[in-house]
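Written out below as structure tokens is the structure these notes cover.
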Amino acid sequence: MTHGSAPPDGHPRGTLFLIGLYGVLFVIGWFAVYILVYLRRGGVTA
Amino acid sequence: MNRADRLPYAHLWVAILAFGAAAAMALMQALSRASLDLPYRSAKMYYLSVTAHGVLMALVFTTFFIMAFGYVVIRYALRQDVLGAAAAWAGFWIGVVGVVLAATAVLAGKATVLYTFYPPLKAHPAFYLGLTLVIVGSWLWAGVMIANYRAWKRAHAGEAVPLAMHGMLATVIVWLIATVGVAVEVLVLLLPWSLGLTRTVDPVLARILFWYFGHPLVYFWLLPAYVAWYTLLPRVAGGKLFSDSLGRLVFVLFIILSTPVGFHHQALDPGVPAGWKLLHTFLTLWILFPSLITAFTVTASMEVAGRMKGATGLLDWLKRLPWGDPFFAAVALSMILFAIGGFGGAVNASFGMNAVVHNTAWIQGHFHLTVGTAAALTFMGLAYHLVPRLAGRELELGLLAKVQPYLWFLGMLLFSISNHVTGLMGMPRRVYEADYGGAAAAQAWHGLTTLSAIGGLVLFASAAFFLLVMLGTALAGKRRAPEPLEWAEPLHPVGKPGLLDRFGLWVLVAVVLVLIAYAVPIWNHLRMERFGSPPFTPF
């Protein structure tokens, strides 16, 4: 496997963007199930 | 073929053949769940095939593939012949005999107990004996792996073991700790009960012991996939590993956290106090972190590769990656679907919310993203990478190999997302009649079960492509000179062995955590008045 150039310096900003995006979607998804499904059905502590 | 490569090659082929048989079973189940009238369709046949699919895919395909990969790591990362090859071959044949015994019992209709073999469902003794032999074979593999690590350490004093072996050793440790649970369950509870030596069995204790084993089993599947992600993928992508140290940290965290989490599978089980379930919930949520670190490190390694090829924008490095390489595509696509699986896993592990998804189709949607894609699709990609090298042949049917990971991705999206949604609608898992004889409630998910069946068809086509490529390569691939297996170089040099290389310490921490999480609840359970169950065989 040939390498085109030297490895880059600095932060992997594209990765940080993607992981951050995933984190946001992860939290939104979890709360969506929690609020729209779990709490709507009454929850086990209601 | 190099004589020493026959050992991993033989293991690979047991794995590939088990995968093929399991894939055929899966097609029948997907169509049956959509209530399509198939020849010989019956509840008995459905549950028999679910058992065969689960056992062959989750226990045989994975275990033999992982053993093969372990031997590949010894040969090509440690660069030494396998010390203890006789024991390794003994482990292989013991495992094969075990597979034949267990599979025969299942296919004869004498062990329709699903891959979790929960009592009081009872199987023929040959099933339990077969599984025991598979595990005994894997213990010999574990012993060989440890012996080779120790030999390497003696010959390389002051050097950190290559990351691939670090990860495989973590896999071995997780497996050895985990299989204690299933060994006790099978040898003390199920086998004597199946042989008629005991009249009843304690289902609660059996389930505790099963899930003591069952959740770290997930990491036994995943860790070798992570090894490939960390140590081979960056090289194939044309870059470097972003951080070797983060990889070591991840493997150590899995050694510590893999086992004391089993009660999150039993969140709705009676007989386990809620406080202990809550403790396991917290520990389960901790174990998301090593997977998040992995997502960051492996993606950053891909970004390094893209930037080394000239990318400068925020995301244009993605376009510079070798998406036409079957190994790269399989691994990258498996990571994308695993990200969705991680979200679902957080819902499963949340103590209260587990009630929403427990024993619903959501669960089968979830684990087909984790073991069925993150592990299985990575292993298929690895097979494209390893089989030609081990066999000394060119990869045949290259176009099928290129298309196959994308088909798997598409099929799994259709299958898994539809199952997540129907699960939230209340559709149970492991139910033969998804339409409940035309019940009104079941009408709501009918279209989605059809979508799931279409996903199953696409997955079957993908599995068939994989098998054709493997058979074509092994039987008709053009012979070529052996090609070395190249491992990813880290972006920064690996230093001397440090805290993360002290396996003895981390095993000790793991054992202490296991004792904290399990000793008291099991002791309390054994002190209570218990009621055994006689066996139940529905077919």
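The values are calculated or read from the model by the stated rules, or taken from the named source; none is laboratory data. Treat the numbers as computed from the prediction; the structure is a model and nothing was measured. Cβ sites come from the backbone with ideal geometry, for glycine too, and all protein chains shown count toward neighbours.
Yes or no, residue by residue, for (1) over 30 Å from B:MET308 (Cα atoms); (2) acidic (Asp, Glu); (3) in a helix (DSSP H, G or I); (4) more than 14 Å from chain A (Cβ to nearest Cβ):
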{"site": "B:PRO192", "(1), (2), (3), (4)": "yes, no, yes, yes"}
{"site": "B:ILE208", "(1), (2), (3), (4)": "yes, no, yes, yes"}
{"site": "B:PRO216", "(1), (2), (3), (4)": "yes, no, yes, yes"}
{"site": "B:PHE220", "(1), (2), (3), (4)": "yes, no, yes, yes"}
{"site": "B:VAL227", "(1), (2), (3), (4)": "no, no, yes, yes"}
{"site": "B:GLY239", "(1), (2), (3), (4)": "no, no, no, no"}
Among the residues that make up region B:519-528, is at least one of them within 14 Å of chain A (Cβ to nearest Cβ) and either outside any helix (DSSP H, G or I) or charged (D, E, K, R) (or both)? no
State all residues of region A:12-40 that are at the interface with chain B (Cβ under 7 Å from one of its Cβ atoms) and either in contact with a Pro (Cβ under 6 Å, 6 or more places away or on another chain) or not in a helix (DSSP H, G or I) (or both); if no residue qualifies, say none. A:PRO12
Identify all residues within region B:273-288 that are surrounded by fewer than 19 Cβ atoms within 10 Å (Cβ to Cβ), over 30 Å from B:MET528 (Cα atoms) and more than 12 Å from every other protein chain (Cβ to nearest Cβ); write none if there are none. B:TRP286
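For every residue, the table says whether it meets (1) assigned to a helix (DSSP H, G or I); (2) surrounded by fewer than 16 Cβ atoms within 10 Å (Cβ to Cβ).
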| site | (1), (2) |
| --- | --- |
| B:THR422 | yes, no |
| B:TYR432 | no, no |
| B:GLY437 | yes, yes |
| B:ALA441 | yes, yes |
| B:LEU448 | yes, no |
| B:VAL458 | yes, no |
Checking the conditions here, which among B:PHE65, B:PHE92 is of a type in the set (A, V, I, L, M, F, W, C), within 17 Å of B:LEU140 (Cβ to Cβ) and in contact with a Leu (Cβ under 7 Å, 6 or more places away or on another chain)? B:PHE65
Which residues, taken from region B:1-51, are of a type in the set (Phe, Trp, Tyr) and within 19 Å of B:ALA464 (Cβ to Cβ)? B:TRP13, B:PHE19
Pairs needed: first member in region B:93-117, more than 10 Å from B:VAL55 (Cβ to Cβ); second member anywhere, modelled with pLDDT under 95 and in a loop (DSSP other than H, G, I, E, B); C-beta distance under 6 Å; at least 6 residues apart or different chains. B:THR112/B:PHE539
Being more than 27 Å from the chain's Cα centre (by Cα), at pLDDT 95 or above and farther than 21 Å from B:PRO8 by Cα, is that true of even one residue in region B:474-482? no
Per-region count, region B:445-475, residues out of contact with any Leu (no Cβ under 7 Å at 6 or more places or on another chain) and more than 26 Å from B:SER42 (Cβ to Cβ): 6
Hits in region B:185-203 (condition: under 25 Å from the mean Cα position of the chain (by Cα) and either of a type in the set (D, E, K, R) or at pLDDT below 95 (or both)): B:GLU185
